[in-house]
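J.: After the structure tokens below, expect a handful of questions from me.
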Amino acid sequence: MSVLLNIETATKNCSVSIAREGKTILCREIAEENFSHAEKLHVFIEEILQESNLSFKDLKAVAVSQGPGSYTGLRIGVSSAKGFCYALNLPMIAIDTLELLARKISINEGIIIPMIDARRMEVYTAFFDKNYIKIRQIEAEVINEESYKEINSTIHLVGDGIMKFKETLVQDKFIFHHDVVFPSANEMSYLSFEKYKKSDFVNVAYFEPYYLKDFVLNK
């Protein structure tokens, strides 16, 4: 039985899950304004292993959300994943953060545009169809009234980035899913197992998160 540890820290949500054969056994997460990832991440991991009656030696791989997202959050998650992989001699799996967001809803028609807040009027986005196939690659884009005018189908918006555009994207084709705010390690369970079965691993030594933009220190 393949037991995988999933780590998602790309946003304000510090989220971890333990999964067996692609199904979540237990997920623990908390979203806080002050990014408590460094304090909570390892505590959560130890707690869910203990509550699942598992130990680190039961793990077959570690999966981590690769971004885009918060520079600090991604760095903490990837550093932790690398640490576990080195210490336990485990393979590492990288999961697209925007796909995790897209998979939090199910649609029959149209497209899903997950949006992760990138500050000001900019967001990290990609397009996914109803089967979660990525039909437009990841971009950091500024949203205005002209955005997505060329798309005639229904557009489902998810993520913390959509909060800023309720008064900007006003056409009927836009559906705001305000209850879907952050990506979660819960949705990683299926994706990480699919990659595990195909031995779709990243190089632990050389892997870097997908920051998309250079880190800028606020003064």
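J.: What tally of residues in the stretch 106-122 results from selecting those that are under 17 Å from the mean Cα position of the chain (by Cα) and more than 19 Å from GLN171 (Cα to Cα)? Talk me through it step by step, then tell me what you get.
T.: Quick first cut of the stretch 106-122, residues under 17 Å from the mean Cα position of the chain (by Cα) only: 106, 112-118.
Narrowing the set further to residues that are more than 19 Å from GLN171 (Cα to Cα) leaves 106, 116-118.
Within the stretch 106-122, residues that are under 17 Å from the mean Cα position of the chain (by Cα) and more than 19 Å from GLN171 (Cα to Cα) number 4.
J.: Can you find even one residue in the stretch 142-152 that is farther than 20 Å from LEU5 by Cβ and part of a strand (DSSP E or B)?
T.: Step one: of the stretch 142-152, the residues farther than 20 Å from LEU5 by Cβ are 142-152.
Next, only the ones that are part of a strand (DSSP E or B) stay: 142.
The answer is yes; a qualifying residue exists.
J.: If a residue must be at pLDDT 95 or above, touching a helix residue (DSSP H, G or I) at 6+ places or on another chain (Cβ under 8 Å) and surrounded by fewer than 15 Cβ atoms within 10 Å (Cβ to Cβ), how many such residues does the stretch 167-186 contain?
T.: The number of residues fulfilling the criteria is 0.
J.: Something else now. Give me the residue from the stretch 78-105 that is touching a residue at least 24 places away in the same chain (Cβ under 8 Å) and assigned to a loop (DSSP other than H, G, I, E, B) and, out of that set, surrounded by the fewest Cβ atoms within 10 Å (Cβ to Cβ).
T.: Among those that are touching a residue at least 24 places away in the same chain (Cβ under 8 Å) and assigned to a loop (DSSP other than H, G, I, E, B), it is ILE105.
J.: Moving to a separate point now. Could you tell me whether any residue of the stretch 151-163 is closer than 15 Å to VAL180 by Cβ and hydroxyl-bearing (Ser, Thr, Tyr)? Lay out the reasoning, then the answer.
T.: First pass over the stretch 151-163, keeping only residues closer than 15 Å to VAL180 by Cβ: 155-163.
Filter once more, so that each one left must be hydroxyl-bearing (Ser, Thr, Tyr): none.
Checked the stretch 151-163: no residue is closer than 15 Å to VAL180 by Cβ and hydroxyl-bearing (Ser, Thr, Tyr).
J.: Mind checking which strands (runs of 3 or more DSSP E) fall wholly inside the stretch 8-67 and carry at least 2 residues that are surrounded by fewer than 18 Cβ atoms within 10 Å (Cβ to Cβ), within 14 Å of the chain's Cα centre (by Cα) and of a type in the set (Gly, Ala, Ser)?
T.: Of the strands (runs of 3 or more DSSP E) lying wholly inside the stretch 8-67, none has at least 2 residues that are surrounded by fewer than 18 Cβ atoms within 10 Å (Cβ to Cβ), within 14 Å of the chain's Cα centre (by Cα) and of a type in the set (Gly, Ala, Ser).
J.: Taking the stretch 115-139, which residues are more than 22 Å from GLU208 (Cα to Cα), in contact with an Asp or Glu (Cβ under 8 Å, 6 or more places away or on another chain), at pLDDT 95 or above and not in a loop (DSSP other than H, G, I, E, B)?
T.: PHE128, ILE135
J.: For the stretch 64-73, which residues satisfy the criterion of being closer than 19 Å to VAL43 by Cβ and out of contact with any His (no Cβ under 6 Å at 6 or more places or on another chain)? Reasoning before the result, please.
T.: Within the stretch 64-73, the first condition is being closer than 19 Å to VAL43 by Cβ, and the residues that meet it are 64-65, 72-73.
Of everything in the stretch 64-73, those that are closer than 19 Å to VAL43 by Cβ and out of contact with any His (no Cβ under 6 Å at 6 or more places or on another chain) turn out to be VAL64, SER65, THR72.
J.: If we keep just the residues of the stretch 183-208 that are within 17 Å of the chain's Cα centre (by Cα) and part of a helix (DSSP H, G or I), which is nearest to CYS14 (Cα to Cα)?
T.: MET188
J.: Still on this structure, please answer the following. Could you list, in sequence order, all residues of the stretch 20-74 that are among the aromatic types (Phe, Trp, Tyr) and within 17 Å of ILE116 (Cα to Cα)? Full working, then the answer.
T.: From the stretch 20-74, those among the aromatic types (Phe, Trp, Tyr) are 35, 44, 56, 71; that's our starting set.
Once the filter is applied, which keeps residues that are among the aromatic types (Phe, Trp, Tyr) and within 17 Å of ILE116 (Cα to Cα), the stretch 20-74 yields PHE35, TYR71.
J.: Yes or no: the stretch 40-61 includes at least one residue that is touching a residue at least 40 places away in the same chain (Cβ under 8 Å) and under 30 Å from THR154 (Cα atoms).
T.: No, there is no match, as no residue in the stretch 40-61 is touching a residue at least 40 places away in the same chain (Cβ under 8 Å) and under 30 Å from THR154 (Cα atoms).
The values are calculated or read from the model by the stated rules, or taken from the named source; none is laboratory data. Treat the numbers as computed from the prediction; the structure is a model and nothing was measured. Note that each Cβ is placed from the backbone with ideal geometry, even for glycine, and that neighbours are counted across all protein chains shown.
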